[in-house]
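Chemist: Structure in structure tokens, see below.
No value in this document is a laboratory result; all are computed from the given coordinates. For clarity, every value in this text was computed on a predicted model and none was experimentally measured.
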Amino acid sequence: MSVNNLRRLGLSREVMEKFKANNLASCSDIFSKTELQLITMLDLNRSDVEKILDKIARKMTRRPTTAQAMLEQRAKGTIFLSTGLRGIDAAMKVKIPVKIDL
């Protein structure tokens, strides 16, 4: 997730400026630092840093799917899974069909 994508998270302008000032341009840059390093770099308290990390982590990860949910989808029809890579999904214009045999 680049800086432009970090802006989509709805973080305050002050936090975004602090990320830029400390060369934290992507989620991997942010998550490569310890909480203590981020507290020091961003000059925020621990709970604020934890909230920021939680918000970024929630946006980065996909919603989990359970086997039960997949079986329920199967009962409705064919299940399609995303590759998780927007460029490939857009180029394919379809998702990957999954056939579940019991």
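Chemist: Per-residue HN-Hα couplings for the stretch 20-36, Karplus 6.51 cos²θ - 1.76 cosθ + 1.60 at θ = phi - 60°, whole Hz, x for Gly and Pro?
Modeler: In residue order, the calculated couplings are 4, 5, 9, 6, 9, 9, 9, 4, 5, 4, 5, 6, 7, 9, 7, 4, 4 Hz.
Chemist: For residue 51 and residue 29 in one chain, what is 0.36 nm times their gap in residues minus the Cα-Cα distance, to one decimal in nm?
Modeler: 6.2 nm
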